[in-house]
1. Exactly one condition in (1) surrounded by fewer than 19 Cβ atoms within 10 Å (Cβ to Cβ); (2) more than 26 Å from residue A:109 (Cβ to Cβ); (3) away from every other protein chain (no Cβ under 14 Å) is not met by residue A:122; state its number.
2. Kindly establish whether residue A:134 is closer than 28 Å to residue B:157 by Cα and either in a helix (DSSP H, G or I) or within 14 Å of another protein chain (Cβ to nearest Cβ) (or both).
3. Out of (1) closer than 30 Å to residue A:177 by Cβ; (2) facing chain B (nearest Cβ under 8 Å); (3) modelled with pLDDT under 60, the odd one out for residue A:5 is which?
4. Could you list, in sequence order, the residues of the range A:167-189 that are assigned to a helix (DSSP H, G or I) and over 23 Å from residue A:49 (Cα atoms)?
5. Could you list, in sequence order, all residues of the range B:6-25 that are farther than 19 Å from residue B:43 by Cβ and part of a helix (DSSP H, G or I)?
6. Look through A:117, A:103, A:197, A:142 and report the one residue that is over 22 Å from residue A:70 (Cα atoms) and in contact with a Cys (Cβ under 8 Å, 6 or more places away or on another chain).
7. Aliphatic (A, V, I, L, M), buried (at least 20 other Cβ atoms within 10 Å of the Cβ) and within 12 Å of the chain's Cα centre (by Cα), is that true of residue B:33?
Amino acid sequence: MPSLPDAATPDVVALAERAAAAQGHDPHVADVALKPAFFDWLCRMGDNSLVLGHRISEWCGHGPVLEEDIALANTALDLIGHTQMWLGLAAEVEGAGRDADQLAFLRDAMKFRNLKLLELPNGDMAVTLMREFLFDAFHYELLTALTRSSSPRVAEIAAKALKEVSYHLERSSDLVVRLGDGTEESHARMQAALNKLWPYTGEMFAADAVDDAVAEAGIAPALADLLPLWQRTVAEVLDEATLVQPEQRFDAQSGGKQGRHTEHLGYILAEMQFLQRAYPGASW
Amino acid sequence: MTAVLPSTEQVWDWLGEVPDPEIPVVSVTELGIVREVRWEGETLLVAVTPTYSGCPATSVIDLMIETRLREKGISDLRLERRLSPPWTTDWVTDAARDKLRAYGIAPPVDGTASDGLMAGRAARLSGRSNLVIACPRCGSSHTERVSQFGSTPCKASYRCRDCLEPFDYFKCH
């Protein structure tokens, strides 16, 4: 098995003390100058979880075996839980009276800030698992860095989510190895999935003005710093899986973080948002 | 006239009677998810932490806590969701571990959480783990993991290789 990054326990006691000291008053939450970037960045965090969570949930009831079906549904549930926390904070920072549900269900595609990688259709099990692995390896490093955020609110969400994402990475890397180094058929499918998804992975590390602003404030890490960590995990797992890292550029596709999406996102939103669009304010 | 407020110890006792909706043999206090009970003037604050972020039981638990305390005459009540420090299975009480076992769920083994020590993690990943998850039915340590995800977010699926029964393991977190 690959040696996964060491999942060091965040210093939870210090974290709790900081959160308590802040008394729910995170200095960044009320920072007017930072607000547009902080809000946009929180939407990126929330939308990544929401869109991937929704995609994975599409497998519910369709998994190849019962255990996989349950694992996928559990993973989706974790991600939707993270979405509630990130978009909840985004709504608070925005201060316009919206809540997490309104951000999720009443924004149009161009307002979504998720990575393009995450909105691509599930394809076969190989595409689903490879996508999850490529993102999990990044998500894990990002959340680890965010537990040290200058924003206590961001740090506590990251510490909570990191525990769950550790399970996600463990499972997806394990399956990439087993299927990559499996039968001729599973190997071919995993390699094809990797080749297809590879050009979308660079967007995770492509920083723009929003990323620069939150990094400058100490809220989030510089994305470039996460790249070598991600590359190391990916290289080790792919090697173990007998899969070959594509030679093509990994950053050919981008724009999702700025709201320029593939056509696929619209179809996700049509399904996900239908109820609140058709029956505004419906609850049960 | 100022009403006499129930002591926080009394409130803790009442909360000890609120069962987890998914695993009703253990209470919310035994699971370690009630983090604080405090009077703020005449308002009772109860801080609850989620087990898993997406756990659908979270809102049901809040509702059950609120219902229970209102039954006891507390009308001025504030429930707070507290994220840090994040919940860990290390907070599940010893009494609750026995109840879980009797209910057919293997209780968590401390120190094996996914964010635990690298050595334990590597051993588990490589299948060389010496971690013993005993079968809650027959007690055999001859068990195997079927999936690290189970019937609820907090459980993994195991199988006993002696009595052949599948069972849930309350996984470490």
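1. (2)
2. On the way: closer than 28 Å to residue B:157 by Cα: yes; either in a helix (DSSP H, G or I) or within 14 Å of another protein chain (Cβ to nearest Cβ) (or both): yes.
The answer is yes for residue A:134.
3. Unmet for residue A:5, out of (1) closer than 30 Å to residue A:177 by Cβ; (2) facing chain B (nearest Cβ under 8 Å); (3) modelled with pLDDT under 60: (2).
4. Step one: filter the range A:167-189 for residues assigned to a helix (DSSP H, G or I), giving A:167-180, A:184-189.
Matches in the range A:167-189: A:177, A:178, A:179, A:180, A:184, A:185, A:186, A:187, A:188, A:189.
5. If we filter the range B:6-25 for residues that are farther than 19 Å from residue B:43 by Cβ, which is where we start, we get B:13, B:16-25.
B:13, the sole residue that qualifies.
6. Values: A:117 fails: in contact with a Cys (Cβ under 8 Å, 6 or more places away or on another chain); A:197 fails: in contact with a Cys (Cβ under 8 Å, 6 or more places away or on another chain); A:142 fails: in contact with a Cys (Cβ under 8 Å, 6 or more places away or on another chain).
Only one candidate passes the filter, namely A:103.
7. Values: aliphatic (A, V, I, L, M): yes; buried (at least 20 other Cβ atoms within 10 Å of the Cβ): yes; within 12 Å of the chain's Cα centre (by Cα): yes.
Spelling it out, residue B:33 is indeed aliphatic (A, V, I, L, M), buried (at least 20 other Cβ atoms within 10 Å of the Cβ) and within 12 Å of the chain's Cα centre (by Cα).
Conditions (1) in a loop (DSSP other than H, G, I, E, B); (2) farther than 26 Å from residue A:85 by Cα, marked per residue:
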site: B:68; (1), (2): no, yes
site: B:74; (1), (2): yes, yes
site: B:86; (1), (2): yes, no
site: B:98; (1), (2): no, yes
site: B:102; (1), (2): no, yes
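The values are calculated or read from the model by the stated rules, or taken from the named source; none is laboratory data. These numbers were taken from a predicted model, which means no experiment stands behind them. Methodologically, a virtual Cβ is constructed for each residue, glycine included, from the backbone with ideal geometry; neighbour enumeration extends over all protein chains shown.
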